[in-house]
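Asker: My questions will all concern the structure given below.
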Amino acid sequence: MSDEPVFAVVGHPNKGKSSIVSTLARDDSVRIAPEPGTTTTCRRYPMKLDGRVQYTLVDTPGFQRARRALAWMRERETTAAEHRAVVADFVSVHRGRGLFDDECELLTPVLEGAGILYVVDGSLPYGPEYEAEMEILRWTGEPSLALINPIGAEDHVAEWRAALAQYFKIVRVFDALTAPFEKRLELLRAFGQLKESWRAPLDAAVRALEDERRRVHARVARAIAEMLVDMLTLSVTRRLGVGADPAFYQAALERELEDALRERERRGRAAVEAIYGHHRVQRSEQDVALLHQDLFSSEHWYFFGLSRRQLLTTGAAGGAVLGGALDVGLGGASLLLGTLVGATVGGATAWLSQGRLARARVMNLPLGGKLLRCGPSRDVNFPYVILGRALYHHARVAGRTHADREALSLGAAGDAPNWVERLASGTREELERHFRALRRGNAGAAATDELASLLEPVVAEADAVPGGACRWERTIAASS
Ligand SMILES: Nc1nc2c(ncn2[C@@H]2O[C@H](COP(=O)(O)OP(=O)(O)OP(=O)(O)O)[C@@H](O)[C@H]2O)c(=O)[nH]1
Ligand SMILES: [Mg+2]
């Protein structure tokens, strides 16, 4: 086989083998469940980055009858030099015959040259029943490392270390569910110590992951910047008939704006999760609410899709243009209308300013009405609420392993301001300048670019807190 590092994750059932595969392969499609016996066949999970497979993890079923399997092997034991051949015989004799299916399945990738990652639960006491498993693995002669994955609250790590050290050169504690990024890299470096030819590819994998993390921060910053610009410039409109009372429609329009903002925010959340390779996150988050403010702009007259101001501008350019604009608005059937208004354009400007043109009827249809606009939000705090929520979400996602299948609960809205308070004062001033520009309606591509580069170090910092997002949460809990 090639020298691409391949590791078989093996052990007793239900000790977090699949969780480790999921976290290290960064793949949230790996099946993980509280019941033992979840994984029944081997499956390879290549970790691809920069267009190539950096390393591969093989998920395996747990040992079921390790003692009986070892007894069979011992009966055929001659010298240590033959151990591996006896294990290979065991697999070829028992494959597909029912009794030792799981043992055959999990030993196959090891006999094909995969490194062994032996997983135990450090929250349960050590017991001799594991010795047969470790002995069989030792007989294969493949490079191996033991991982103590503490699933529960009790701490039996010391006794596990003492036992494992007799079988494995390298023993590490690794919490599959919460291991922060740095800890994952550290483990990959340890894998590189197992076999000389794996060192270089695993060092390269670590570097590739570090480089990618920086690119990820830039992409997250951009996703948040795009969402901010969209949400801060979002408005909804409704065309009302000439006699309609706008007050009657305001509540519905406000709800429409809130729904549109929430939808935009949800898309932003999913985009950030996807950047980190999380495609199946169930998220619960309090909906963003509009702050109390004057969301409704004064009513405009509309005239076939053009605001009064547009019409006035167009009208000033001459009757032909106004006639043309109407043709665009009405399609071919408006020839009559175009001529009609084109001819009277001198008076149209005056008509428009009084809303009279909108009231005019052609073939019994009104020519226009009132345009009611809700949004964008002008509240000075609103951008910080959105940003705070986004940074909080990001830190939680950045610190999340792919083995974590719990719903992502983003807690109370009160968490968000803490995140903004952490911003350096210089950054806050710069942000305020951008938010002011957005309130003035300056939302071009350059605005998004600038905002994205301003947010990049903020995003990176949230990810670099030792202990990951969980530490941040504890700080938030303590300070609130
Ligand atoms: N709290 C906690 N739970 C974990 C950890 N690792 C695994 N679990 C949980 O333990 C259960 C079993 O995890 P799996 O990864 O499916 O274990 P497995 O060894 O692959 O199990 P089988 O395929 O059935 O042999 C799941 O409910 C996991 O969420 C951990 O580090 N901490
Ligand atoms: Mg499994």
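Every number in this text was worked out from the coordinates using simple rules, so none of it is lab data. From a predicted model like this one, the values you see are computed outputs, not experimental measurements. A quick note on method: Cβ atoms are made from the backbone with ideal geometry, for glycine too, and the neighbour counts reach across all protein chains shown.
Asker: Please give me the summed charge of the neighbours of A71: other residues whose Cβ is under 15 Å from its Cβ, Lys and Arg +1, Asp and Glu -1. Could the numbers behind the result be given before it?
Answerer: Numbers: positive: R65, R67, R68, R74, R76; negative: E75, E77, D89, E103, E129, E131, E133, E135.
Taking every Cβ under 15 Å from that of A71, the sum is -3.
Asker: Starting from 0 in steps of 5 Å, tell me what percent of the Cα-Cα pairs of the stretch 115-215 lands in each bin.
Answerer: 2, 12, 21, 21, 18, 13, 8, 3, 1, 0
Asker: Let me ask you something else. Could you go through the stretch 403-410 in sequence order and give the Karplus-derived ³J(HN,Hα) for each residue, using 6.51 cos²θ - 1.76 cosθ + 1.60 with θ = phi - 60°, rounded to whole Hz, and x for Gly and Pro?
Answerer: These are the phi-based 3J(HN,Hα) values: 7, 7, 10, 5, 4, 8, 9, 9 Hz.
Asker: I've got another one for you. Between A190 and Q282, what is the spin-label point distance in nm, taking each point 7 Å from the Cα along the Cα→C-beta axis?
Answerer: It is 3.2 nm.
Asker: Provide L147, L423, L49 in ascending order of the number of other Cβ atoms located within 10 Å of each residue's Cβ, fewest first.
Answerer: Exposure proxy ranking, most exposed first: L49, L423, L147.
Asker: Percent of Cα-Cα pairs per 10 Å bin, from 0 to the last occupied bin, for the stretch 1-116, please list those.
Answerer: Taking all Cα pairs of the stretch 1-116, the binned fractions are 14, 41, 31, 12, 1 percent.
Asker: What number results when the radius of gyration of the stretch 142-188, computed over Cα atoms, is divided by 2.2 N^0.38 Å?
Answerer: 1.19
Asker: May I ask for log10 I(q)/I(0) of the stretch 56-128 at q = 0.22 Å⁻¹, from a Debye sum over the Cα atoms as equal point scatterers with solvent left out?
Answerer: Log10 I(q)/I(0), no solvent term: -1.11.
Asker: Also, quick follow-up: Treating only the Cα positions of the stretch 227-281 as identical point scatterers, give the base-10 log of I(q)/I(0) from the Debye formula at each q in 0.12, 0.18, 0.20, 0.22 Å⁻¹.
Answerer: -0.42, -0.69, -0.77, -0.84
Asker: For the stretch 27-90, what is the Kirkwood estimate of the hydrodynamic radius, computed as the reciprocal of the mean inverse distance between distinct Cα atoms, to one decimal in Å?
Answerer: Computed over Cα pairs of the stretch 27-90, the Kirkwood hydrodynamic radius comes out at 14.8 Å.
Asker: Counting other beta carbons within 10 Å of each Cβ, put C104, C374 in order, fewest first.
Answerer: With the fewest neighbours first, C104, C374 line up as C104, C374.
Asker: Give me H94, H394 sorted ascending by neighbouring Cβ count inside 10 Å, so fewest comes first.
Answerer: Final ranking by Cβ density, sparse to dense: H94, H394.
Asker: In addition: Scan around Y55 for amide H atoms under 5 Å from its own, H built in the peptide plane at 1.01 Å from N, and keep only partners 5 or more places away or cross-chain.
Answerer: M47
Asker: Continuing with the same structure: Can you give me the long-range amide H partners of V10? Hydrogens built in the peptide plane at 1.01 Å from N, cutoff under 5 Å, separation of 5 or more residues or another chain.
Answerer: Here the answer is L117, Y118, V119, since their amide H atoms fall under 5 Å of that of V10.
Asker: Amide H to amide H under 5 Å from I170: which residues, 5+ apart in sequence or cross-chain, H placed 1.01 Å off N in plane?
Answerer: Answer set, sorted by chain and number: A146.
Asker: Now a separate question. Just tell me which lysines come within less than 18 Å, Cα to Cα, of K17; anything on the same chain fewer than 8 places away is out.
Answerer: Here the lysines satisfying the reach criterion relative to K17 are K183.
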